[in-house]
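The values are calculated or read from the model by the stated rules, or taken from the named source; none is laboratory data. Since we're looking at a predicted model, the values are computed, not measured. Please note: Cβ atoms are built from the backbone with ideal geometry, for glycine as well, and neighbour counts cover all protein chains shown.
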Amino acid sequence: MLKIVCPKCQNDSYSADVRSFSECPHCGIVSSGQHGLDKRCEKRIEWEIPFIFSSEEQNFEASTFDLSEKGMGIKVFGELSVETGDAIDLSVGDLQLRAKVMWVQKMPDKFVAGLERLN
């Protein structure tokens, strides 16, 4: 694990990958140890939509946590292997989409990821 200092609150957190964007557990700002603050220009809407994430012939409970015009943040409960750069297919409500995984933060019981829409 690598120690990362939050650019906003200056508290320490830890990550296995300094390139990935993740939320500071202390203040909530999204940043990366390598890239700094997340500088997406489009507005994000905090919106939790539960859905089932299917991978490797297994189903996992999941939900969105934010949406934007070009992507979304998701959290998926359970252990599975999804890496930065992977393309995944999702069914969220009535929306069917293919997305590229831009960053992943893995935790013992879930993973959180930022996705860019491909369709």
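What the table shows:
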quantity: Test: VAL76 is at negative phi, among the aliphatic types (A, V, I, L, M) and more than 13 Å from the chain's Cα centre (by Cα); calculated: no
quantity: Hits in region 29-59 - residues which are surrounded by 16 or more Cβ atoms within 10 Å (Cβ to Cβ) and modelled with pLDDT of 90 or more; calculated: PHE51
quantity: Residue in region 57-66 that is touching a residue at least 24 places away in the same chain (Cβ under 8 Å) and not in a strand (DSSP E or B) present; calculated: no
